[in-house]
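Asker: Take a look at the following structure, please.
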Amino acid sequence: MTRLIKVIFAPVRLIWAAWRRLALHTQILAGLFLGAAAGVAANAFAADATWVRWFGDNVANPVGQIFLRMLLMTVVPLVFASITLGVAGLGDLRKVGRVGGKTLLYFLFCTTLSATLGIFLVNLVDPGQGLDPAIRQQLFDTYRGQAQGLQAAGGTQFGINTFVNIVPRNPIQAAASLDLLAVLFFALVFGAALTLVPDTKARPLLAVIEGLGEAIVKIIDFAMKLAPYGVFGLIFVVTSRFGWTLLSTLGAYVAVVLVGLFLYASIGLSALVRIFGGLNPLVFWRKARVSAITAFSTSSSSATLPTNIKVAEQELGIPPTVAGFVLPLGATMNMNGTSLYEGVTVLFLAQVFGVDLALGQQVIVVLLSVIMAVGAAGVPGGSLPLIMVVLGTVGVPPEGIAVILGVDRILDMCRTIPNVTGDLTAAVFIARTEAGWKPTMVRAERRDPQPVAAA
Ligand code: ASP
């Protein structure tokens with residue numbers, strides 16, 4: 001009997017042994033493809049089968065969520081430790097101000113570039129002109145409830161208070177509600193204050209925060225071991241439940257978004273990393289792939305932040321003070337994919353609802369897309385409430401967003417890739433111009449990220 005069991009399980013053991021020999025990034029890539037293939041197949045052949053639902057609810061989703069939560073639980077302490085150490089490590093406050101200012105200018109430049117590209121493409125293709133009004137009504141009716149929910153969740157409350165709220169009343173509360181921008185602000189001020197405290201007092205505290213950072217990096221290592229399975233689970237759930245036919249209904253719009261994101265990433269970001277970072281784009285993309293896959297599968301810049309910091313430090317050789325300062329800022333403020341997406345979506349919906357936007361108004365859409373991308377939370381669908389604000393501002397009914405909600409998740413996965421990799425280009429640029437980093441410091445050989453000190 002035991003021999004029979006051994007014979008039956010021999011191939012499984014072989015496959016498992018081969019799997020364990022694969023490098024982590026290959027396993028993650030395999031998780032992505034297997035999850036997508038299994039999900040699409042389940043959707044095509046067994047969409048209503050109870051076992052597919054059961055598998056999604058009880059296996060794939062829980063595994064995906066555990067992976068996501070393992071990453072998310074590191075975000076607040078990671079942002080606090082890395083920003084504090086980053087600011088304290090930069091030394092004098094004038095340098096912090098210069099590096100911070102330069103980083104923000106770079107973010108604004110990239111975000112404006114991507115939004116402009118989106119607006120250009122949407123004008124070129126006019127994807128909203130061909131949409132059948134009956135289909136528009138059908139989509140509108142189906143997703144109106146969801147759109148109203150988004151609006152009720154604070155979509156129209158954008159204003160001066162959005163900026164005031166960056167300063168937290170209570171940093172613990174900001175941390176508890178995962179309000180990253182507020183945590184980041186507190187850490188910035190805290191790090192700056194530490195540079196003004198006598199060395200004998202600041203040193204021990206910094207050593208503790210360094211220890212905290214290192215422990216968090218270990219937790220991220222544990223989480224990344226789960227990544228191949230987590231990525232499989234997350235992708236399976238999305239693809240097995242997605243209404244694929246919707247993609248063709250909104251085909252022209254989806255194509256404009258995807259082509260825009262692809263052009264921005266492959267030409268725009270590649271050119272930026274070459275010009276500002278002096279780095280070969282092929283090398284950059286090879287090093288950045290684990291960040292890109294994590295962004296794609298989680299649809300969340302915040303959840304990808306721990307991976308992104310690890311990739312920057314270990315794959316690109318960026319000094320921890322720069323990675324720990326630029327990347328958390330980027331995860332909350334620099335969303336290149338999102339601003340492109342916002343520009344395209346607003347203009348598309350304007351076309352669909354017959355609102356003619358003159359050039360001046362389109363420029364306003366670009367500016368608002370940039371501001372909203374800065375304000376959007378780095379979570380799945382984080383930009384949707386803010387798109388409703390832009391829609392309202394240019395005279396398109398905000399609930400019109402209902403038309404595109406059905407395809408948003410897939411587009412969210414895609415736009416989060418440039419959101420996250422755009423931050424890496426910023427880290428390369430700042431490291432090169434402020435921290436003596438050189439392209440030759442990038443690890444030449446292929447290998448998985450290994451744990452290093454957070455700072
Ligand atoms: N999911 C995006 C991110 O986390 C935000 C968005 O565009 O909705 O970067």
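Asker: For the chain, what is the per residue volume of the convex hull drawn over the alpha-carbon atoms, in cubic angstrom?
Answerer: 160 Å³
Asker: Continuing with the same structure: Quick check on the chain: helices-only [θ] at 222 nm, where DSSP H runs of length 4 and up contribute -39,500 (n - 2.57) each and the sum goes over total residues. Nearest 500, please. Write out the running numbers ahead of the final one.
Answerer: Numbers: 21 runs with 343 residues, N = 455.
It lands at -25000 deg cm²/dmol.
Asker: Taking the solvent-accessible surface of protein heavy atoms with a 1.4 Å probe, what is the per residue accessible area of the chain in Å²?
Answerer: Values: 19900 Å² over 455 residues.
In whole numbers, the chain has 44 Å² accessible per residue.
Asker: Computed over the Cα atoms, what is the radius of gyration of segment 112-152 divided by 2.2 N^0.38 Å, N being its residue count?
Answerer: Dividing the Cα Rg of segment 112-152 by 2.2 N^0.38 Å gives 1.58.
Asker: While we're looking at this one, here's another question. Kirkwood Rh over alpha-carbon pairs of segment 316-455, then Stokes-Einstein at 20 °C and 1.002 mPa s: what D in µm² s⁻¹, rounded to an integer?
Answerer: Rounded, D is 128 µm²/s.
Asker: Structure shown: which of K225/K287; K102/K287; K102/K201 lie over 28 Å apart, alpha-carbon to alpha-carbon?
Answerer: Over 28 Å Cα-Cα: K102/K201.
Asker: Per 5 Å bin from zero, what fraction in whole % of the C-alpha pairs of segment 114-232 is there, up to the bin with the longest pair?
Answerer: 2, 8, 7, 9, 12, 12, 12, 13, 9, 6, 4, 3, 2, 1, 0
Asker: Find out how many positive minus negative residues lie around V403, taking Lys and Arg as positive, Asp and Glu as negative, among other residues whose Cβ is under 14 Å from that of V403. Could you put the intermediate results ahead of the total?
Answerer: Working: positive: R136, R144; negative: D132, D141, E399, D408.
With Lys, Arg at +1 and Asp, Glu at -1, the net is -2.
Asker: Same structure, new question: Starting from the 7 Å offset along Cα-to-Cβ, what nm value, one decimal, do you get for the label separation of Q129 and A10?
Answerer: 6.6 nm
Asker: Counting only Cα, what are the radius of gyration and maximum Cα-Cα distance Dmax of segment 1-140, in Å?
Answerer: 25.2, 75
Asker: Provide the solvent-accessible area of T345, counting protein heavy atoms only and rolling a 1.4 Å probe, rounded to the nearest 10 Å².
Answerer: 0 Å²
Asker: Still on this structure, please answer the following. How many angstrom separate the Cα center of segment 64-118 from the Cα center of segment 160-175?
Answerer: 17 Å
Asker: If you don't mind, another one. Find how many whole Å separate the alpha carbon centroid of segment 361-375 from the alpha carbon centroid of segment 397-418.
Answerer: Between the Cα centre of segment 397-418 and that of segment 361-375, the gap is 17 Å.
Asker: Could you tell me what percent of the accessible area of the chain is made up of carbon and sulfur, with a 1.4 Å probe and every protein chain present?
Answerer: C and S fraction of accessible area: 67 percent.
Asker: A further question on this structure: Summing Lys, Arg as +1 and Asp, Glu as -1, what charge do residues with Cβ under 12 Å from the Cβ of P319 carry, P319 excluded?
Answerer: Around P319, the surrounding residues sum to 0.
Asker: When N counts the residues of segment 190-342, how does its alpha-carbon radius of gyration compare numerically with 2.2 N^0.38 Å, as a ratio?
Answerer: 1.28
Asker: DSSP H helices in the chain with Cα extent of 20 Å or more along the helix axis and mean Kyte-Doolittle hydropathy at least 0.0?
Answerer: Counting only whole DSSP H runs, the qualifying helices are 2-21, 24-46, 61-90, 93-125, 180-196, 199-241, 281-298, 336-352, 359-375, 408-434.
The values are calculated or read from the model by the stated rules, or taken from the named source; none is laboratory data. Predicted, not measured: the structure shown is a model, and the values here were computed from it. A quick note on method: Cβ atoms are made from the backbone with ideal geometry, for glycine too, and the neighbour counts reach across all protein chains shown. Note: areas computed on protein heavy atoms with side chains; ligands, DNA, RNA excluded. Shrake-Rupley method; radii C 1.70, N 1.55, O 1.52, S 1.80 Å.
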